Each structure stands twice: as structure tokens, then as C-alpha cells.
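Here is the structure we will look at, set down as C-alpha cells.
The values are calculated or read from the model by the stated rules, or taken from the named source; none is laboratory data. Quantities reported herein were computed from a predicted structural model and do not represent experimental measurements. Using ideal geometry, Cβ is built from the backbone for each residue, glycine included, and neighbour counts are taken over all protein chains shown. What goes into the accessible areas is simple: the full protein's heavy atoms, side chains included, and nothing from ligands, DNA or RNA. Shrake-Rupley method; radii C 1.70, N 1.55, O 1.52, S 1.80 Å.
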Amino acid sequence: MNLEGKRILIIITGGIAAYKMNTAVRGFIKEGAEVKVILTPAAKDFVTPLTLSVLSRNEVLWDLSSSSGTWNNHVELALWSDAILVAPCTANTLSKMVHGACDNLAMAVYMSAKCPVFIAPAMDLDMYRHPSTRQNIQRAQDFGHILIPAEEGELASGLHGEGRMAEPEHLIETVRQYFESKDFIKNMAGKKVLITAGPTYEAIDPVRFIGNHSSGKMGFALAEEAAKRGADVILISGPSHEKIKGNHIQLIRVTSAKEMFQEVFRYFSGIDMAIASAAVADYAPKEVAAEKIKKDGDSMTIELVKNPDILKTMGEQKKKQFLIGFALETQNEEAHAKEKLHRKNLDMIVLNSLRDSGAGFQTDTNRIRIFTESQEKEFPIKPKSAVAADILDFAVAQMAK
Ligand SMILES: Cc1cc2nc3c(=O)[nH]c(=O)nc-3n(C[C@H](O)[C@H](O)[C@H](O)COP(=O)(O)O)c2cc1C
């Protein structure tokens with residue numbers, strides 16, 4: 001039994017392939033999973049709640065509130081789930097998912113969920129081929145959802161082509177493999193990881209500063225991914241609007257490079273891995289004016305002095321720590337990244353280029369290349385959560401060598 005104890009919430013929508021879901025629910029239970037089923041109102045014409053509740057051993061729900069006027073708590077249902085499987089996923093529900101429409105219990109649960117989401121579309125071949133369906137599938141994948149593609153074969157309409165929902169065994173196998181790989185990468189359990197994130201603000205006077213456009217998204221995604229894999233994470237972040245999701249993350253907020261430096265070296269000697277994803281200001285104003293500087297004359301000069309180099313100091317002090325740096329370059333990217341890898345005594349460097357659209361500071365996606373002394377690997381554009389997983393997969397494999 002490979003899905004022992006895993007909580008799988010299955011959303012069944014109003015497609016003809018819904019008839020296969022009795023078998024799928026039974027299969028998940030046989031694998032040891034706990035299963036709850038939610039139907040869209042349209043799905044009730046295709047399957048019966050009674051059969052599904054017997055097979056899933058749980059009440060089957062479809063409305064946001066029950067006939068007695070009680071709320072079917074969609075938030076609790078979402079947080080209960082280790083994974084959500086939308087199968088079959090109609091063109092209609094797929095469209096709602098990627099556009100944020102929330103007009104039934106299934107959509108409210110989906111939109112409240114933090115767990116991985118699997119979608120198994122099923123529709124007639126022309127619907128499946130339609131540009132809007134193609135686009136919506138792509139968008140769902142960009143959200144990080146896992147597609148279980150429709151298969152080619154005979155369709156309920158009598159036509160032959162792509163659009164048949166994957167068979168129940170395939171649905172179960174995809175979810176099982178996902179958890180197997182996650183459990184495999186729990187090998188960060190017990191590891192202490194320090195991550196820096198966000199920009200730093202270097203004060204000019206009480207109201208002004210020198211900063212940069214870093215959002216902190218990449219560092220926060222790395223912290224969440226490392227924590228999911230069992231690591232204890234210390235996240236030291238400059239000013240960022242990001243909030244922490246998940247346990248085992250100690251968040252320390254700082255403002256300037258000097259504060260970040262102090263916090264980093266409070267913990268550095270006791271950690272196993274450090275990931276420096278913060279965009280730290282290289283220079284800070286020499287003097288910070290005590291009062292707001294008044295407008296005076298056509299120009300003004302601010303003298304800047306070098307900030308302490310946090311990453312370089314980590315490289316100098318490191319003993320057992322596996323050290324990962326980031327390079328955000330606009331030209332000669334590869335050469336600069338490799339040079340930084342050597343100069344700062346890093347074990348691994350992650351390069352993203354500002355020349356790539358969808359990569360860099362304020363985006364939700366990133367396209368990276370990873371370099372070590374002897375290896376390099378290029379990754380396609382992905383959501384930052386998936387990029388974090390790629391970085392940690394690579395790092396864990398390097399550490400094991
Ligand atoms: C007999 C029948 C079969 C259908 N099969 C599908 C299907 O396979 N895929 C699909 O996207 N829509 C299918 N539809 C259309 C959906 O039921 C319709 O778009 C509905 O609004 C979907 O609602 P839901 O996404 O909330 O479940 C079918 C409709 C009927 C009447």
C-alpha cells in the first residue's frame with residue numbers, strides 16, 4: 001500500500017468520463033489513501049453520491065452549504081488535503097480554475113488549497129484541441145499543477161482522437177509517483193538551512209533609501225521547499241511583502257546589508273547549507289542624515305562606501321557548509337557566474353539573466369542555469385516554487401557526492 005495515510009480530495013466534474021471515478025476511488029482506498037469526494041453540481045448527473053460515499057467511506061459533498069443551512073467548510077476541506085485530483089476535469093472547470101471563478105464548493109476548495117493539484121482533462125477531441133483549452137492547460141501548468149494528459153482513443157461521442165481521460169490506474173500511479181519522489185527527497189530532514197532573501201535598503205535619511213527591485217519571492221519559495229523536505233530553515237529577509245507559509249521556518253526580517261550580515265553570522269557556523277538569494281546592496285551612504293534632507297540646489301552628491309560582502313565572507317568562513325550563490329546578470333552571464341563561483345568559494349551558483357523574459361526580480365517564474373566546478377545544467381522557465389525544487393534537487397545530489 002503506497003499511498004498509506006495520504007489524504008486525497010477528488011473533485012469530479014460533469015464529464016462523461018466521471019463513470020470511471022468509482023473505480024479510481026476504490027483504487028485509491030486500496031492503496032491506503034484516505035479519500036474525500038466533491039462533485040460539481042453538473043457531475044451529479046453522471047455519478048451518484050451514494051455509490052461514491054460508500055466507496056470513499058466519507059460523505060460526498062457538492063454544495064457550499066447543506067440543505068439544513070450548515071456550511072460545508074471549504075477551507076477545512078482544502079487544508080485537510082495532501083493532494084487534490086480534478087478528474088475528469090471539464091473544459092468548463094478548467095477555465096474556472098485558471099480564471100479564479102468560484103461559484104461552487106469544488107472551486108472554493110480548489111482556490112483555498114495549498115497542496116499539489118492534479119488535473120485529468122477529459123473532453124471531445126475538438127474541445128480538447130480548442131485554443132482556449134490549450135491555453136488553459138498551459139496556464140494550469142504554469143500555476144504548478146500537474147497535468148495527467150488525456151489519451152488518444154475512442155471517445156464517448158463515437159469520434160476517435162485525443163481527449164479520453166487517463167485510466168484510473170494511471171491517475172493513481174501519477175499521484176503515487178509524486179508522493180514517492182517527495183518522500184525520497186525528504187532527505188533534507190534534520191538539515192539546517194540558512195537562506196537570505198529580498199533586497200536591502202540603505203538609508204540616506206529617515207525617509208529615503210537606496211534599494212533594488214528584488215521581491216524576495218525566490219528566497220521564500222526556497223525556504224518553503226526546504227522546509228517541506230524536512231529541513232530546519234532560517235530565512236533572513238530584507239524588506240519584502242512575501243509571507244511565510246509552512247512550518248519549520250524561522251523568519252528574521254532585516255533592513256540593511258549590515259543587519260543582514262550580523263544575522264547571517266549569528267547562525268552560519270551551525271548550518272549545513274546556505275543559499276544566498278538576497279539582492280544585497282554593494283554600497284551604502286557613508287553618512288545617514290539625522291533629518292530629512294532638504295531640496296537645495298540643482299544637484300547633490302551622496303558618498304557611498306562598500307558594504308560588507310556577505311557571500312564572500314561565507315565562502316571564506318565555510319567548513320562543512322554547502323554554499324549556494326545567485327547571479328543575476330545582464331551581459332556575459334555565464335562567464336560572470338563562473339567567475340563568481342570561484343571568487344566567492346561557492347559550491348554551486350544559480351544564474352538567471354535579466355535578458356530572459358519571465359526571469360528575474362518581480363516575476364512569479366524564473367529560468368535558471370546551475371553551475372558547479374564540474375557541471376552545468378539548464379532548466380526551462382517554471383514557477384518559482386518549481387525552480388526552488390530544481391535547485392534543491394540539484395544541491396542535495398551534490399551534497400551526497
Ligand atoms: C452527456 C454529456 C457529456 C459531457 N461530457 C463532457 C466532457 O467529457 N468534457 C467536458 O468538458 N464537458 C462535457 N459536457 C459538458 C459539461 O457537462 C458542461 O460544460 C458543464 O457545465 C460542466 O460543469 P462543471 O465543470 O461544473 O462540472 C458534457 C455534457 C453532457 C450533457
* To do: Step through the table entries Lys191/Lys319; Lys6/Lys401; Lys243/Lys338; Lys192/Lys401, compare each Cα-Cα distance with 21 Å, and write down the pairs that go over it.
  => Lys6/Lys401; Lys243/Lys338
* Identify all lysines with a Cα-Cα distance to Lys295 below 25 Å; exclude those on the same chain that are fewer than 8 residues away in sequence. => Lys286
* Accessible-area composition of the range 189-400, carbon plus sulfur, in percent [1.4 Å probe] -> 48 percent
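What FRET efficiency would be calculated for the residue pair Ile381, Asn92, taking the C-beta separation as r and a Förster radius of 22 Å, to the nearest 0.05? Working shown, then result.
Values: r = 28 Å, r/R0 = 1.27.
About 0.20, to the nearest 0.05.
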* **Point-to-point label distance, Leu251-Lys286, nm (Cα→Cβ direction, 7 Å offset)** => 3.8 nm
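Quick one: of the DSSP bridges fully inside the range 189-400, what percent are antiparallel, nearest 5? Let's see the in-between values first.
Values: 13 of 39 bridges.
Looking only at bridges with both residues in the range 189-400, the antiparallel portion is about 35 percent.
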* To do: Using packing as a proxy for protection, rank 301-307, 334-340, 170-176 so that the peptide with the highest average count of other Cβ atoms within 10 Å comes first.
  => 170-176, 334-340, 301-307
* Asked: PRE reach from Tyr19 (point 7 Å along Cα→Cβ): which of the range 114-149 fall under 11 Å by backbone N?
  -> none
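Calculate, in nm to one decimal, what Lys182 and Glu169 gain on full extension: separation in residues at 0.36 nm each, minus their alpha carbon distance.
Working: separation 13, 0.36 × 13 = 4.68 nm, distance 1.99 nm.
Roughly 2.7 nm would be gained on extension.
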* Using r as the Cβ-Cβ distance of Lys258 and Ile293, and R0 as 35 Å, what FRET efficiency do you calculate, to the nearest 0.05? -> 0.95
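Taking R0 as 45 Å, what's the FRET efficiency between Gln141 and Leu50 from their Cβ-Cβ distance, rounded to 0.05?
Details: r = 35 Å, r/R0 = 0.77.
Once the sixth-power term is evaluated, E becomes 0.80.
Pull up the DSSP beta bridges for the chain and report the antiparallel fraction as a percent, rounded to 5.
On the way: 18 of 61 bridges.
Taking every DSSP beta bridge within the chain, about 30 percent pair in antiparallel fashion.
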* **Equivalent ellipsoid dimensions for the range 189-400 as semi-axes, Å, which come from the Cα gyration tensor, largest first** => 29, 19, 17
* To do: Report the far tail of the P(r) of the chain, meaning the percent of Cα-Cα pairs longer than 30 Å.
  => 50 percent
* Ignoring any ligand, DNA or RNA, what whole percent of the accessible area of the range 79-131 comes from carbon and sulfur when the probe is 1.4 angstrom? -> 55 percent
* To do: Would you mind working out the accessible area per residue for the range 1-86, using a 1.4 Å probe, and quoting it in Å²?
  => 48 Å²
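What whole-number value in Å² describes the accessible area per residue of the range 262-401 for a 1.4 Å probe? Intermediate values should be presented prior to the final figure.
Working: 7850 Å² over 140 residues.
I get 56 Å² per residue for the range 262-401.
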* To do: Mind pulling up the Rg/Rh value for the range 7-184? Radius of gyration and Kirkwood radius, both on Cα.
  => 0.94
* Asked: Which value in deg cm²/dmol, rounded to the nearest 500, describes the helix-derived mean residue ellipticity at 222 nm for the chain, given -39,500 (n - 2.57) per DSSP H run of n ≥ 4 and division by the residue count?
  -> -10000 deg cm²/dmol
* Structure fact -> In nm, the gap between the two label points placed 7 Å beyond Cα toward Cβ at Arg266 and Lys114 is 2.4 nm
